[in-house]
Amino acid sequence: MRAKSGSVFGAFSGALVTVKGLPMSYNRDLQETHPTSGADAGCKREPPLLIDMLSSATFDTGRMKEEAGKGFSTATELADTLVRPTGFPSAPHT
């Protein structure tokens, strides 16, 4: 399911770029937005699988909390870490 979500998102992004570039309404370019990777079938087949999987999943919340406190757990921290050595100005913290 994780890999399929990448395919679906990629197809969606491609469709958005195609539609954005259209000079007017319908165009033959839209033929490129037709599903070719089976993404549409996956969108119908996989939600019930995900529901079944999550209904039987167990989570170690103590371990999750411990892991979340480790470094680089957020995109903001990663961005700050990349920017600090360069001295590149960042947005002021509020």
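The values are calculated or read from the model by the stated rules, or taken from the named source; none is laboratory data. Fair warning: this is a prediction, and the values are worked out from it, not measured in the lab. Just the protein is used for accessible areas: all its heavy atoms, side chains included, with ligands, DNA and RNA removed. Shrake-Rupley method; radii C 1.70, N 1.55, O 1.52, S 1.80 Å.
Quick one: in the stretch 78-94, which of the residues that are modelled with pLDDT of 75 or more and open to solvent by 70 Å² or more (accessible area, probe 1.4 Å) is nearest to V8 (Cα to Cα)? Write out each step before concluding.
So the first thing to find is which residues in the stretch 78-94 are modelled with pLDDT of 75 or more, and the list is 78-88.
From the residues that got through so far, the ones that are open to solvent by 70 Å² or more (accessible area, probe 1.4 Å) too are 78, 82, 84-86, 88.
On the way: L78: 27, L82: 30, R84: 35, P85: 37, T86: 36, F88: 35 Å.
Across the stretch 78-94, the extreme among qualifying residues is L78.
As an exercise: evaluate C43 against (1) outside any helix (DSSP H, G or I); (2) at pLDDT below 80 and give the number of the one condition it does not meet.
It is condition (1) that C43 fails.
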